[in-house]
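The values are calculated or read from the model by the stated rules, or taken from the named source; none is laboratory data. The structure displayed is predicted, hence computed values, not measured ones. A quick note on method: Cβ atoms are made from the backbone with ideal geometry, for glycine too, and the neighbour counts reach across all protein chains shown. The area values use the complete protein model at the heavy-atom level, side chains included, leaving out ligands, DNA and RNA. Shrake-Rupley method; radii C 1.70, N 1.55, O 1.52, S 1.80 Å.
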Amino acid sequence: MNEPDPSRRKARIIKAFQDLPLKNDQEHVLALSSLWNIAMMQPNDPEFPSLGIFECMAKLIHKGINDKNWLLSDQNIYIPYYAAHTIGSYTMNKVQFAEKAVESGVVFPLIELMRGKITWVEQRVAVRALAHIASHEKIFEEAIGVNEVEIVELAMEIAMTCLKEVFDEFVGLEPSKRLKYHCDLVTRGLGGLEIEDRKAEEWASQLQCWSLNLLNCFACKEKSLNLICKREFLIELCGIWGGLANPTSPAVIRLLRSLCQTKIGRQSVANLQEVIRALCNLSRSSDDWQLMAIDCLLLLLKDPETRHKTMEVSVVFLVDLVELRSIGGRPKVGDTITQALLQDYHKIKYGDLKFQRKKVERALKETWDLKVDRKRREKFMSEQEIRERKSMVRQLKQKGNLNFWSGNIEKAVMEYTEALHMCPLKMRKDRLVLHSNRAQCYLLLRNPEAVISDTTRALCLSSAVSPHGKSLWRRSQAYDMKGLAKESLIDCVTFVHGRMKSGQTERAEIPSYAARMINKQMNKTWLFAPAKSRSFNNHEELLESHGDSESLN
């Protein structure tokens with residue numbers, strides 16, 4: 001590396017890459033960790049990819065898999081991890097590097113690691129590398145084609161089971177029973193149980209998300225859709241969430257959106273109410289990927305073959321979003337939703353189209369009244385009538401507030417409802433407050449679905465930059481009532497962030513009631529909560545079985 005003469009430097013690096021897999025040297029781990037660090041820091045530097053690093057890494061992985069004695073001697077156990085991670089870093093951005101990697105034979109040893117030939121730690125970086133290689137359309141077929149079915153099945157299996165595996169093989173173990181090299185890798189030698197647990201959660205989330213990203217590469221190219229669109233997998237997919245451990249990955253919703261862009265995918269999703277409902281819940285949340293969920297539903301609604309089934313479930317959710325303005329830089333999202341919902345409303349209005357649930361037809365009529373009839377009427381309303389309506393709205397709101405504070409909650413709901421019917425559409429702030437006040441009433445009446453509907457409408461009327469805090473908190477409580485911990489957590493975190501940013505709390509302290517909600521929902525949404533529960537249940541079953549056998553003696 002320090003050779004000043006370029007030609008000699010090149011020759012020595014080539015020789016080093018050729019010799020590494022052939023020699024047994026305790027310094028190999030140091031060399032591999034240095035190469036990994038260079039690859040992470042300079043993934044676009046062509047020097048090492050052009051001099052044989054991929055062939056070297058492939059041979060080292062192959063050696064680790066096939067020669068257990070070598071793998072377990074000295075510190076060689078670290079080598080396959082660093083080798084696969086180095087491949088992934090160099091193939092991340094440059095298609096020419098990925099081409100060189102495929103030509104050098106990296107795919108087969110990476111698949112071997114993906115099969116779990118060593119441990120989940122090596123599996124993680126192998127899936128990452130394969131996902132980066134598969135993302136380059138130019139070489140997709142050459143790299144993946146031969147092993148397409150196996151890779152897809154492995155990626156699906158990993159996505160569904162990796163959290164349990166990481167819990168069983170690392171997080172759920174006593175510290176003394178954890179593999180030392182796993183501890184060293186996740187902490188980079190810093191040590192400490194808290195760091196180990198936190199990093200293991202992050203790595204498990206990454207393994208799951210990279211598996212889904214790999215599947216997304218296939219879905220985007222309409223490959224293996226019959227495998228990916230299996231009922232059991234799609235339902236399982238709805239329960240996957242990277243959570244706070246991986247907040248930047250839209251892996252699940254990105255895969256669902258890719259599926260909804262294909263005919264097979266749309267038909268599969270439309271046949272599963274559980275999946276549509278999960279998309280609907282996401283569309284009415286503070287999640288960063290809310291817009292992707294809306295896109296999925298719009299794709300389903302625009303397809304004549306999936307429209308009716310999707311509407312049976314989604315209309316009562318989407319009707320709350322018809323006044324949504326810009327989101328994610330896209331303007332007039334609510335108008336787009338309105339057009340999709342009312343596309344064939346005339347058929348419903350005149351009896352040519354019926355839905356199984358009358359609630360769907362009522363929601364569509366409400367959308368028509370709000371976005372078409374009412375807008376048309378108010379366009380020709382005189383200034384005198386607008387002033388009169390404003391006055392009546394203020395009076396009704398005051399009556400509603402008085403009834404609320406006197407404990408007559410049902411009467412307050414009626415007053416707020418009448419005020420909303422009277423309030424001109426242009427009075428967005430007044431309507432926002434009325435929806436939010438009525439939501440508080442429904443909260444006390446233990447009607448969480450009505451709370452979510454009203455608070456969502458209030459949030460659509462508020463600023464996207466500064467969403468209405470009280471509505472976020474009320475919706476968080478309603479989601480908690482319904483057992484939707486993830487949605488409740490995101491709303492509560494967004495509520496706290498807004499208060500902190502606006503300086504509403506003294507010394508930037510989180511309100512105690514919000515802190516309790518966050519703590520409650522974080523426990524419920526902890527990445528390993530299902531794995532821990534399954535492990536506990538399995539343990540209980542073993543104890544019961546042992547007890548039964550003793551009672552027979």
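Odds and ends about this structure:
- The helices (runs of 4 or more DSSP H) found entirely in the range 424-507 that carry 2 or more residues being within 24 Å of the chain's Cα centre (by Cα) and over 21 Å from GLU366 (Cβ atoms) are 469-481, 485-502.
- Among the residues of the range 354-381, those identified as more than 30 Å from HIS308 (Cβ to Cβ) and open to solvent by 60 Å² or more (accessible area, probe 1.4 Å) are ARG377, LYS379, PHE380.
- Residue match in the range 328-347 (condition: open to solvent by less than 40 Å² (accessible area, probe 1.4 Å) and at pLDDT below 90): yes
- Checked against the criteria, VAL313 does not count as surrounded by 19 or more Cβ atoms within 10 Å (Cβ to Cβ), assigned by the TED database to the domain that holds GLU366 and under 25 Å from LEU432 (Cα atoms).
- Selected residue (criterion: least open to solvent (accessible area, probe 1.4 Å)) from residues of the range 298-310 that are over 24 Å from ASP373 (Cβ atoms) and hydrophobic (A, V, I, L, M, F, W, C): LEU300
- SER211 out of contact with any His (no Cβ under 7 Å at 6 or more places or on another chain), open to solvent by less than 50 Å² (accessible area, probe 1.4 Å), under 18 Å from ALA529 (Cβ atoms) and assigned by the TED database to the domain that holds SER176: no
- The range 423-448 residues that are more than 15 Å from GLU323 (Cα to Cα), paired with ones that are of a type outside the set (A, V, I, L, M, F, W, C) and assigned to a loop (DSSP other than H, G, I, E, B) (beta carbon under 6 Å, 6 or more apart): PRO448/LYS482
- Close pairs (6 angstrom Cβ cut-off, 6 or more residues apart or separate chains): within 16 Å of ALA129 (Cα to Cα) in the range 27-41, of a type in the set (Phe, Trp, Tyr) and surrounded by 18 or more Cβ atoms within 10 Å (Cβ to Cβ) anywhere: TRP36/TYR82; ALA39/TYR90
- When the range 164-183 is limited to residues that are open to solvent by 50 Å² or more (accessible area, probe 1.4 Å) and in contact (Cβ under 8 Å) with a residue 40 or more places away in the chain, the one that is nearest to TYR82 (Cα to Cα) turns out to be LEU179.
- Per-region count, the range 301-317, residues in a helix (DSSP H, G or I) and either more than 19 Å from ARG357 (Cα to Cα) or in contact with an Asp or Glu (Cβ under 9 Å, 6 or more places away or on another chain) (or both): 5
- Residue in the range 386-409 that is without any contact (Cβ under 8 Å) to a residue 40 or more places away in the chain, outside the structural domain of VAL451 (by the TED database), assigned to a helix (DSSP H, G or I) and among the aliphatic types (A, V, I, L, M) present: no
- Qualifying residue in the range 115-138 (condition: polar (S, T, N, Q), more than 26 Å from GLU202 (Cα to Cα) and not in a loop (DSSP other than H, G, I, E, B)): no
- Among the residues listed as ARG362, ARG394, the single one being at pLDDT below 95 and basic (Lys, Arg): ARG362
- Residue check, LEU353 within 27 Å of PRO250 (Cβ to Cβ) and among the hydrophobic types (A, V, I, L, M, F, W, C): no
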